[in-house]
Structures are given as C-alpha cells and as structure tokens.
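In what follows, a structure is listed as structure tokens, so that the remarks can point back to it.
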Amino acid sequence: MNTPPRGASCPPQLHLEQASAGDWLPGVQSHVDGCAACKTQVESLQKMTSEFVAARPVERFLKQLETREAAPEKARRSFLPLAIGASLAALVVFTVVQSLPREPRVTMKGGLAHITMKRGEDITTITSKACGNSQPGDTCGEKLAPGDALRFSVVAPREGYAVVLNRDSTGAVTVVAPFGASEGKAVNAGTNVLPDSAVLDDVRGAETFVTIFSEHPIDVRKAVESFKATGSVSCDCTVEISTFDKP
Amino acid sequence: MTDDLPTVAPRGSGQLGQWYSKYGALVHRRCRTLMGNEADANDALQETFMRAHRTPQSNRDAVMQPLPWLYAIATRICFDALDARKRRGVLSSLKEMMGLGVVASGSVEDKLSMGSALITLDEKTREMALLHWLDGMTQEEVAQQTGYSRKTVGVKLKEAEVALREVMA
C-alpha cells in the first residue's frame, strides 16, 4: 500500500489510521472529504482492515487469546523442541533453587523512586524524599488530580530490573511503568527513566505507587497479585511505596 | 458481535472483539513494521490484545483513543522482544526511507527492519522517531505530543538519523 507524502495541511498518518477505523478526530473528516490523497489513504486502510478480519476472523483470534491466556508459557511456533529442553533445564534449576530454605527478602527503601508530575504546562518533580521511608497506608504531602501525568524514574544501586505498579482507591492495580509490562524493565546502575507515563483517571482517593527493583527478573503478574492482596509485594527485591491523595 | 461467544471468548471480550475488528489490522501492521516478520508480528498482536484485556475495565473505559493506546502497548511489546533477542534485521529498506526523510510512504514491507534499527536508540529518541517516521507527525507535533521543545525534537531526530545511518553502515 503506497502512501503519498503528507501535504502541508494533511493530518498525520496516525490520524488517518484512526479515521480508517471510524475514529474521526476533529477536523479530519472535513479534510479527508476534500483531499483525494488522504481519502485514498483512508480507503486503502479500510480495505486492508476488511481483508485482515476476513482472513483472520475475530472468533478465531479470541480463541487464540483464550489459549494463550490459559497456557502463557506454552511454546509457540517452531521452537517447541528447544523450548521443551530449555524448560526442563529451567525446571531442574528452579526445583533445586526452590528446595533451598529461603523466604523472599523485601527491602523497603527511600530514594529508589523519583516521580515527575506534569499538570497542564507545569512539570514538577515529586521525589520520594517527600514520602520518606513510607509504609503502606502512608500519605505523602503531594495532592494529585485527574489528568495529572506521572513519569517514573528508578535509582538503581546496580544493574537489574524495575517496574512500577499503581493501586487506586478501588483496589484496581495497574502496571504503569512500563505500561502493561509482564516483566521488569532492564535497568542500569544509576537513574533510569522508565518508559510510559501514567495519566490519572477520575477515581478519587488514595493513589499508591510501588516501585520495585530487583537484581533478578521480576515476575510482574506475581507482584501484582501480591500487591492486590497485601498492599505490598513479595519478592527478593527493594521496593518503595509512595501514596498520594487525589481528593 | 462477539458477545454471543461466551464459550470461546475470554471474559470481557466483547470490547476486545470490537477493538480487534476495528484496530487489529492496524496494530498488526505496526507490529509487522517493527518486528520484521509475520510470525513475530502475530505473536506481538496477540500479546497486545492480551495486555489490553488484562487492563482493569475502569482503565479501559477511560481510554479515549484506543488506537494510540494499543499502539503504545504494541510498541512496548515489540521493543521488549527485540531487546531480548538482540535481533538485527535487514536494513536496506530503512536506508532508503531515511534517504527520503519521510517514512510515512512506502509499503509495510519497506519498513520491515525499523524496530531492529530503533532498538539501538534511547527511549526518548525512539519515541520521537516513531512519532515522526511511523505516525507521520511533524517535528512540531512530536514536540506537542512528547512535551519537549521543537528544538530538542529536531536535535534528537537528527541524532536518531545519524545513529541509524551508523547502524546501517
């Protein structure tokens, strides 16, 4: 599918792609109606979508998701023999490691997380210093508001992995940085800006963020479950919990 | 459309099915562009919708523009996969696109190796490069989207171009 170069008054490619899906941003439809190039582009994208869905029906895709959800670790495509071998090896190591008497060591630490807040045009750095060595339930001084965009940095003592979880006042837990991640982001020693920003929704009350650092890969799903159940996480890791009020 | 498929569809998949019908092809196209092959794109597409499905309903309901949101998830998944595999693909098509300066033109196949090249960039520069070359935004629009100044965006895109040319050399 060929896309003509963007004209001076033409909307970005992304907006045309949204339009092809029926999501018309303000001003786009009137432009497309009068622009042959953009109209052709939108129609081409619509044709592509029609052909795609015809070839890959939604029912089949949802079935694939169901299978994937039921067995996320299942080897996919042509790597099955290798994956089985690797899995068996990993299982042996895992079993040996798990047989050793040990408990997850969670270290509470201040200064691990730095949070930058963007409200309108104003950008403020809310450091964890304001929270001190906070414990679950503590409320830091900063007041948040719906629409605030938060960006997270982790100050890693060494190479490892990091992730930030959020729990709102309804108890809903979201992996906010990297957004939706299933595993921690690899970080270097020092300050690392984590991908993605969290834009706060309209749910009022306490917003709790837990920043997790570990030298080992982080099982985010397990951390989420733990955070939901206990308000903290269970892992060999360092965490900082920052709670803000969103009145 | 999919609400009558409770035995097949995951819970809460009515919205998921609708999003797939509307955005699946576009997300797949983006994944194909970044990953460089059909199999990885299919895998990334499924993972994208799985993560969307796992997002709390209240958060999903708050998504005003689903396509950019799904693109953000897909991009993260693709770069995580590329980062893990340290894959390097064929760069000839990217070289051509960089020469043109505007990557919004050309076929999907023309962009097969873009993710493999962009993985060498830092997060900020990569985000700007994607907005500029894949989403077709001007430097001014990238600046508005990312919160950085137009000047910073220009500098970063220039750095990206230089870095990518070095990768391709």
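The values are calculated or read from the model by the stated rules, or taken from the named source; none is laboratory data. These numbers were taken from a predicted model, which means no experiment stands behind them. Reconstructed Cβ throughout: ideal geometry from the backbone, glycine too, with neighbour counts over all protein chains shown.
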Search result, residues across region B:10-44 that are under 11 Å from the mean Cα position of the chain (by Cα), hydrophobic (A, V, I, L, M, F, W, C) and within 28 Å of A:PRO26 (Cα to Cα): B:LEU26, B:VAL27, B:CYS31
Which listed residue is facing chain B (nearest Cβ under 9 Å) and either modelled with pLDDT under 85 or closer than 16 Å to A:VAL233 by Cα (or both), from A:ALA149, A:ALA189: A:ALA149
Residue check, A:THR230 modelled with pLDDT under 80 and polar (S, T, N, Q): yes
Some residue of region A:28-49 being at the interface with chain B (Cβ under 10 Å from one of its Cβ atoms) and exposed (fewer than 12 other Cβ atoms within 10 Å of the Cβ): no
Of all residues in region B:24-66 being touching a residue at least 60 places away in the same chain (Cβ under 8 Å) and touching a helix residue (DSSP H, G or I) at 6+ places or on another chain (Cβ under 8 Å), the one that is nearest to the other protein chains (Cβ to nearest Cβ): B:ARG29
Contacts under 8 angstrom Cβ, first residue in region B:138-149 being within 17 Å of A:THR116 (Cβ to Cβ), partner loosely packed, with under 15 Cβ neighbours inside 10 Å and not aromatic (Phe, Trp, Tyr), 6 or more apart: B:GLY147/A:ILE123
Unmet criterion (only one of (1) buried (at least 22 other Cβ atoms within 10 Å of the Cβ); (2) modelled with pLDDT under 85; (3) touching a Phe, Trp or Tyr at 6+ places or on another chain (Cβ under 7 Å)) for B:VAL63: (1)
Residue count for region A:147-172, restricted to those that are touching a strand residue (DSSP E or B) at 6+ places or on another chain (Cβ under 6 Å) and surrounded by fewer than 20 Cβ atoms within 10 Å (Cβ to Cβ): 2
